[in-house]
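The values are calculated or read from the model by the stated rules, or taken from the named source; none is laboratory data. Bear in mind the structure is a predicted one, so any value in this text is a computation, not a measurement. Reconstructed Cβ throughout: ideal geometry from the backbone, glycine too, with neighbour counts over all protein chains shown. When the accessible area is computed, the model is the full protein with side chains, heavy atoms only, and any ligands, DNA or RNA have been set aside. Shrake-Rupley method; radii C 1.70, N 1.55, O 1.52, S 1.80 Å.
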Amino acid sequence: MNKLSIILNGIVRDNPTFVLLLGMCPTLGTTGSALTGMSMGLATMAVLICSNIVISAIKNFIPSGVRIPAYIVVIAAFVTILQMLIQAYLPAINDSLGIFIPLIVVNCIVLGRAEAFASRNSVFDSMLDGIGIGLGFSIALTLLGAVRELIGTGRIFGVALYPESYGSLVFVLAPGAFIALGFLIAIFNNLKKKES
């Protein structure tokens, strides 16, 4: 398999948000703004890359009966390290993401890639898969957060583009996440069909 195609598959063909519809809890819960969406995506990407590398490296030493618990322990270790780093150096991001950082441990994207890819491929390919899937997830969350923030408040990354009074409050709230995500999935899949 071409090394570049591993990365591109995670961004386009196997995009976890727009194609596979995985990780919907952080997708809907952390995309009230472009910054929080991007932060959640990058945090998940860091865990994906690190856990894929380690799981691929130790896959031959893990008995099949304890495979999933072992993967969860590896993922939990990286999430704990990430959470401590975010708490220490990015307290504002820590406050805005809250419980969603520790919930990366049970994110089906991370565990799914460990099982489907890292446990069956080389360390380097597993790292590339983590980069690709992580980028796909980060792009999706950033885009969804930007759309919700723009329509809801008239801002993107906190920069005002039009007065907030013209914004639609529903896009800042939970129903707006579903509406915006539905439209973005439709647009993404339509663009994919045209390229095929």
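Here is a check on your reading of the model: is LEU8 surrounded by fewer than 18 Cβ atoms within 10 Å (Cβ to Cβ), on the phi < 0 side of the Ramachandran plot and assigned to a helix (DSSP H, G or I)?
In short, yes.
Which numbered condition in (1) at pLDDT 95 or above; (2) open to solvent by less than 30 Å² (accessible area, probe 1.4 Å) is the only one that LEU90 fails?
With (1) at pLDDT 95 or above; (2) open to solvent by less than 30 Å² (accessible area, probe 1.4 Å) applied to LEU90, the lone miss is (2).
Regarding segment 141-158, can at least one residue be identified that is of a type in the set (Phe, Trp, Tyr), surrounded by fewer than 18 Cβ atoms within 10 Å (Cβ to Cβ) and without any contact (Cβ under 8 Å) to a residue 12 or more places away in the chain?
no
Tell me which of these LEU184 doesn't satisfy, since it passes every other one: (1) open to solvent by less than 40 Å² (accessible area, probe 1.4 Å); (2) in contact with a Ser or Thr (Cβ under 8 Å, 6 or more places away or on another chain); (3) over 30 Å from LEU85 (Cα atoms).
(2)
Step by step: first the residues of segment 97-139, then only those that are more than 16 Å from the chain's Cα centre (by Cα) and either among the aliphatic types (A, V, I, L, M) or within 18 Å of PRO26 (Cα to Cα) (or both), then the one that is surrounded by the most Cβ atoms within 10 Å (Cβ to Cβ). Which residue is that?
ALA118
For segment 159-181, what are the residues that are surrounded by 13 or more Cβ atoms within 10 Å (Cβ to Cβ) and among the hydroxyl-bearing types (Ser, Thr, Tyr)?
Matches in segment 159-181: SER168 only.
Please tell me if ILE151 is under 21 Å from PHE188 (Cα atoms), in contact with an Asp or Glu (Cβ under 8 Å, 6 or more places away or on another chain) and of a type in the set (A, V, I, L, M).
No, not satisfied.
For segment 76-85, name all the residues that are surrounded by 18 or more Cβ atoms within 10 Å (Cβ to Cβ) and among the β-branched types (Val, Ile, Thr).
Within segment 76-85, VAL79 is the sole residue that qualifies.
How about segment 19-39: which of its residues are among the hydrophobic types (A, V, I, L, M, F, W, C) and open to solvent by 10 Å² or more (accessible area, probe 1.4 Å)?
VAL19, LEU20, LEU21, LEU22, MET24, CYS25, LEU28, LEU35, MET38
Among the residues of segment 40-75, how many are within 11 Å of the chain's Cα centre (by Cα) and open to solvent by less than 20 Å² (accessible area, probe 1.4 Å)?
The number of residues fulfilling the criteria is 6.
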